[in-house]
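A short worksheet on the structure shown next.
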Amino acid sequence: MPGQRQVFFLTILLLFWKSDSEAIRYSMPEEKESGYLVANVAKDLGLRVEELATRGAQIHYRGNKELLQMDAETGNLFLKEKLDREALCGATEPCVLHFQIILENPVQFFQTELQLTDINDHSPEFSDTEMLLTIPENAQPGTVFPLKAAHDSDMGSNAVQNYTVNPNIHFHVVTLSRSDGRKYPELVLDRALDREEQPELTLTLTALDGGSPPRSGTTEVHIEVVDINDNAPQFIQSLYEVQVPENSPLNALVVMVSATDLDAGIYGNVAYSLFQGDGLSQPFVIDKITGEIRLTKELDFEVSHHYTIEIAATDGGGLSGKCTVVIQVLDVNDNAPELAIRKLTVPVPENSAETVVAVFSVSDSDSGDNGRIVCSIQNNIPFLLKPTFENYYTLVTEGPLDRESRAEYNITITVWDLGTPRLTTQHTITVQVADINDNAPAFTQTSYTLFVQENNSPALHIGTISATDSDSGSNAHITYSLLPPHDSQLALASLVSINSDNGQLFALRAMDYEMLQAFELHVDATDGGSPALSSQALVRVVVLDDNDNSPFVLYPMQNASAPCTELLPRAAEPGYLITKVVAVDRDSGQNAWLSFQLLKATEPGLFSVWAHNGEVRTTRLLSERDAPKHKLLLLVKDNGDPPRSASVTLHVLVVDGFSQPYLPLPEVARDSTQDDYDVLTLYLVVALASVSSLFLLSVLLFVGVRLCRRARAASLGDYSVPEGHFPSHLVDVSRAGTLSQSYQYEVCLNGGTGTNEFNFLKPLFPILPTQAAAEERENAVVRNSVEFY
């Protein structure tokens, strides 16, 4: 049929099988007790005894009746129950039972036949305990009177073989045979009857079978002698043949027989009766007046497909005639096909190809097309039906299954016959697909980026890595682990750990953004299958900066051994650049954005600092009232939350000019004599002081230069100030928070009673060709010595 795959060549397969194999035949008498040894199957099949157990040997009989049982350890075949030939085969001779022996791995079938031989276990029985014969007194010797036959369930020689009657002077019994071999009796008149002498007689009819010892059954024959009636009824037909469907309703008319009698009066009236049937009970009844034969019980073709009955027509004088009615029962499709599962393999591994899932047999009790069977399954599943042996089929997988696509199949086996109307039987098998480890874990992302704030608490959960596995059970149980890092210098085991069950990542210690901004690791996900499958994912951990570093002032250096002082010309114009405070912050982003603020000054209105670049400039012209020395306190603050800050102290010395060392104090008026001595003394002192000063100045200059260089080297070494370019995270290229590369200077002031020397050294970093740089080059190097007395 469209949409279904049909298996329609069972008959052809059966013919091939019959031509290529022979059935194993056994014979035994009926009525043997349970446990009776029939044969050794292993020896007859040519198999080793251990093969029966390893290949799961089974024996099957139609209707799933367990009549025999097999000992898999010895190969012996025993009776499971007492077998009655008459119950199993009825009148069929010979009585042969067909069995199938099924072996697995691979599937193999053997046909076995067991013939039951009849034993004499039934006695003949008459349907009536008494027969009534009405014989006219003018009956001539040699007249034959039919008698009802006895019924014996045994067959062959054990059936009824002879009839006898008790000795008398009027009758004897002859035993005759029907066409089917069954015996029946007839009573023969030996001597004429005389009603006046003996109006009735009683005879004992005995039926004997041929068993050893023989069995018998008896009935009484009561004979009434009547007046003369010289014409017996005659049937129009001696044989009636009729066909009746098995589904005919009760009281349905089967056939009507008819007989006539030439006599008149009561001797011409004919009454019909059932004279003889096949068994003790017949599903028919006849109307004694009309001769109509009707059904009294439902017919079943599968129980009996034909009946033979004899009809007697008796007139009022006691004479009778008979005829035979043969009733053929027509089969109708009233039995649906039957399906019996013999073997079921559940569950089925998903990677197996052409695996036998089930072995089953189909049967139909009907005949002809009504018993021809077609078997199929639905079309959208990866399974096939294969006919194997007679009415056996195997359900096999079409190819390897995939549990992840479908874990369970509901297979409906549909069996229907070819009768009219068609009868259908369906059986559903649930096949579960067993999982194998054929899918590796799959991460939800190929790579992960996790963020952690620096200065975190230890054992902080920083994120979860997740993977899934399409398998089931232990094959889907995922264990997470960290793979060794490619960079051997990265101590990954001390940074993070992962929960092997749920993939949660934890930071083992506090992160320091200034030491480690980011690192990568590989996470491995391994399932619990055998062999185990795994996959990896890349995880990048980014450390977020926290405002944990205060600004650091590079210039002016606050821890130098010699204080640094800036010089301010008294004639400086408003906006004159005195110096630039240079500071850095080890943090990043807005945490490193620096701003400058003037907190305190000797003359608050004289100086100002630019908030974004730290330039200290004058706000007005200097006057005579302004102090020659100034002390400024500046605050350097970052933009973090909360903000951190550092303070810097700046000394500013006001001078009239870089070439005028000192302005002498006003002189006191002296007399002329004293002036002469004073001038002479002055010349001597000046000469002596000049020589001493030159010597002392040379020594101090040498010592001061050495100390400044050592202090500068030590300061730069403590704060890791590179000799070349500053690291990029310490220089604000936008010039928003720290001194740009063109404003890096060294300024040192050597204190003491001697000459003070101010050095404006070259920039520490390359000077970019900008306008600011050009302005600074004008004040690149200035040396001025001032002596104070």
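The values are calculated or read from the model by the stated rules, or taken from the named source; none is laboratory data. Everything quoted here is computed from the prediction, not taken from an experiment. Cβ atoms come from the backbone with ideal geometry, glycine included; neighbour counts cover every protein chain shown. All accessible areas refer to the heavy atoms of the entire protein, side chains included, with ligands and DNA or RNA removed. Shrake-Rupley method; radii C 1.70, N 1.55, O 1.52, S 1.80 Å.
Suppose the filter is assigned to a strand (DSSP E or B), hydroxyl-bearing (S, T, Y), in contact (Cβ under 8 Å) with a residue 12 or more places away in the chain and surrounded by 15 or more Cβ atoms within 10 Å (Cβ to Cβ); does Y272 pass it?
For Y272, the condition - assigned to a strand (DSSP E or B), hydroxyl-bearing (S, T, Y), in contact (Cβ under 8 Å) with a residue 12 or more places away in the chain and surrounded by 15 or more Cβ atoms within 10 Å (Cβ to Cβ) - is met.
The residues of region 524-535 that are in contact with a strand residue (DSSP E or B) (Cβ under 6 Å, 6 or more places away or on another chain) and assigned to a loop (DSSP other than H, G, I, E, B), listed by number, are A532, L533.
The set of residues from region 102-116 being out of contact with any Ser or Thr (no Cβ under 6 Å at 6 or more places or on another chain) and either in a strand (DSSP E or B) or small (G, A, S) (or both) comprises I102, L103, Q108, F109, F110, Q111, T112, E113, L114, L116.
Residues are listed down the side, and each one gets a yes or a no for (1) small (G, A, S); (2) within 27 Å of I293 (Cα to Cα); (3) surrounded by 14 or more Cβ atoms within 10 Å (Cβ to Cβ):
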{"residue": "I223", "(1), (2), (3)": "no, no, yes"}
{"residue": "V226", "(1), (2), (3)": "no, no, yes"}
{"residue": "Q234", "(1), (2), (3)": "no, yes, yes"}
{"residue": "S248", "(1), (2), (3)": "yes, yes, yes"}
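Are there any pairs with C-beta distances below 7 angstrom linking a residue in region 689-701 that is surrounded by 10 or more Cβ atoms within 10 Å (Cβ to Cβ) to a residue that is at pLDDT below 85, with the two at least 6 apart or on different chains, and if so which? Filtered contacts from region 689-701: L696/G754; L697/G754; L697/T755; L700/N750; L700/G752; L700/G754; L701/E757.
Put simply, of S157, S153 the only residue that is surrounded by fewer than 16 Cβ atoms within 10 Å (Cβ to Cβ) and closer than 26 Å to P94 by Cα is S157. One residue alone among V359, V285 is in contact with a Leu (Cβ under 9 Å, 6 or more places away or on another chain), buried (at least 21 other Cβ atoms within 10 Å of the Cβ) and hydrophobic (A, V, I, L, M, F, W, C), and that residue is V359. Among the residues of region 321-340, just one is surrounded by 18 or more Cβ atoms within 10 Å (Cβ to Cβ) and in contact with a Pro (Cβ under 6 Å, 6 or more places away or on another chain), namely G321. Of the residues contained in region 575-598, one or more are found to be farther than 24 Å from A711 by Cα, without any contact (Cβ under 8 Å) to a residue 40 or more places away in the chain and of a type outside the set (G, A, S).
Looking for whichever is part of a strand (DSSP E or B), open to solvent by 10 Å² or more (accessible area, probe 1.4 Å) and either touching a helix residue (DSSP H, G or I) at 6+ places or on another chain (Cβ under 9 Å) or of a type in the set (D, E, K, R) (or both) here; the options are L633, L554, L538, L599. Which one fits? When all the criteria are applied, what remains is L554. Being at pLDDT below 85, under 25 Å from A271 (Cα atoms), not assigned by the TED database to the domain that holds A312 and not in a strand (DSSP E or B), is that true of even one residue in region 182-192? So far as region 182-192 goes, no, none of its residues is at pLDDT below 85, under 25 Å from A271 (Cα atoms), not assigned by the TED database to the domain that holds A312 and not in a strand (DSSP E or B).
In the condition set (1) at pLDDT below 80; (2) buried (at least 17 other Cβ atoms within 10 Å of the Cβ); (3) over 43 Å from the mean Cα position of the chain (by Cα); (4) assigned to a loop (DSSP other than H, G, I, E, B), A72 is compliant with all but (3).
Filtering R215, R191, R195 for residues that are open to solvent by 90 Å² or more (accessible area, probe 1.4 Å) and touching a His at 6+ places or on another chain (Cβ under 6 Å) leaves a single hit, R191. May I ask you to list the residues in region 391-417 that are in a loop (DSSP other than H, G, I, E, B) and open to solvent by less than 40 Å² (accessible area, probe 1.4 Å)? Listed by number, the residues that qualify are G399, L401, R403.
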